[in-house]
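> Just dropping this structure here.
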């Protein structure tokens, strides 16, 4: 089910695409959490179930990005992120599924248990992991990597932007908005007034904003920034929105030529925590509350902070925001059996710190 492609057949014909996800993802009412925070109109869109192997928000983007890599005859893909990057992991998982080699260029970050798990699954999927202290330290080795791939494979590796948030990747979340419209039309949930989503590389939030407008829904996107502001800000948001819209229009001129109004970009900055991947008291309290009331697992870097912002907003404004949808971008698939028994010493030596050193205080087991 890719409703964007069904509604615009020229896009189906012209956009590169490989089916990876288990779509549509379910929508569910959060009755118990809603009662706890004082609202009857709270729902969750569960993109954690977007893939059978590994879920989360990256699967939708990779359907188009890996489709493009295959169409162009690539043999390998290279992508970027921090050590625990969910995007780099998803790329490793699904590149292997479609028969492509993958390399992850990773930068150092604050330690957490999910970093360990993600690194181990990336290794299990055959990804080449290259870990560096900084972007500057990664520059020359990464350039050499591209040259080596070109010499050994006869062509350069296909580059996937951090988070998969290039205009082509963002199309995955334009489609997600059309998917939500069909679920609203079929009575799965009322049309939401607000949808809360984490703002990292911005592809998910931008794609939803563009798609909801094009689909004719009144739903407004509320983005919760979880990265440094130089990566997630209004100017970059608008630029990515316009580039994605223009890409779609270049392939099918019947797609609505939607524009951003002045108040269409709402970014909440107050829940970041000062540094990428640093867990916060509010974020982890939200993680605990959702687990207690709904049995759903969130995490401290993205979805916990986003849920904390939603809870704060609902408690402050009550029913003024109407029907609120939380878009869960956190993987919900258990891959513990896949990584059981893997010795982390098989990873690059620079990754050993994440296994030898303690995790940050808010991530420690009680």
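Laboratory data are not the source of any read-out in this text; all were calculated from the coordinates shown. These numbers were taken from a predicted model, which means no experiment stands behind them. Every residue, glycine among them, receives a Cβ derived from its backbone with ideal geometry; neighbour counts consider all protein chains shown.
> Nearest-5 percent of antiparallel DSSP beta bridges in the chain?
Counting only bridges with both partners in the chain, antiparallel ones make up about 10 percent.
> Let me ask something else. If you count, for each residue, the other Cβ atoms within 10 Å and average over each peptide, how do 219-232, 271-284 line up from highest to lowest?
Averaged packing, sorted descending, gives the order 219-232, 271-284.
> Sequence gap at least 6, Cα distance under 8 Å: using those rules, report the relative contact order of the stretch 8-130 to the nearest whole percent.
Relative contact order, the stretch 8-130: 21 percent.
> If contacts are Cα pairs under 8 angstrom and at least 6 residues apart, what is the relative contact order of the chain in percent?
Reported as a whole number, the value is 22 percent.
> Now, a different point. Taking 7 Å along the Cα-to-C-beta vector as the label spot, tell me the residue 140-residue 193 distance in nanometres, rounded to one decimal.
A separation of 5.8 nm, rounded to one decimal place.
> Given the Cα-Cα distance of residue 343 and residue 150 and 0.36 nm per residue of separation, how much length would full extension add, in nm?
Length gained between residue 343 and residue 150: 66.4 nm.
> If you average the sequence gap of Cα pairs under 8 Å that are 6 or more apart and divide by the length of the stretch 58-163, what percent do you get for the contact order?
33
> Another question, then. Between residue 75 and residue 236, how high is the FRET efficiency from 1/(1 + (r/R0)^6) when r is the Cβ-Cβ distance and R₀ = 30 Å? Nearest 0.05.
Efficiency computed from Cβ-Cβ geometry: 0.45.
> Extension gain residue 358-residue 320, at 0.36 nm per residue separation less the Cα-Cα distance, in nm?
Between residue 358 and residue 320, full extension yields an extra 9.4 nm.
> If I model a spin label at residue 31 and residue 96 as a point 7 Å from the Cα along the Cα→Cβ vector, what separation in nanometres do I get?
Reported label-point gap for residue 31 and residue 96 is 4.0 nm.
> In nm, what is the difference between 0.36 nm times the number of residues separating residue 266 and residue 182 and their Cα-Cα distance?
Roughly 27.8 nm would be gained on extension.
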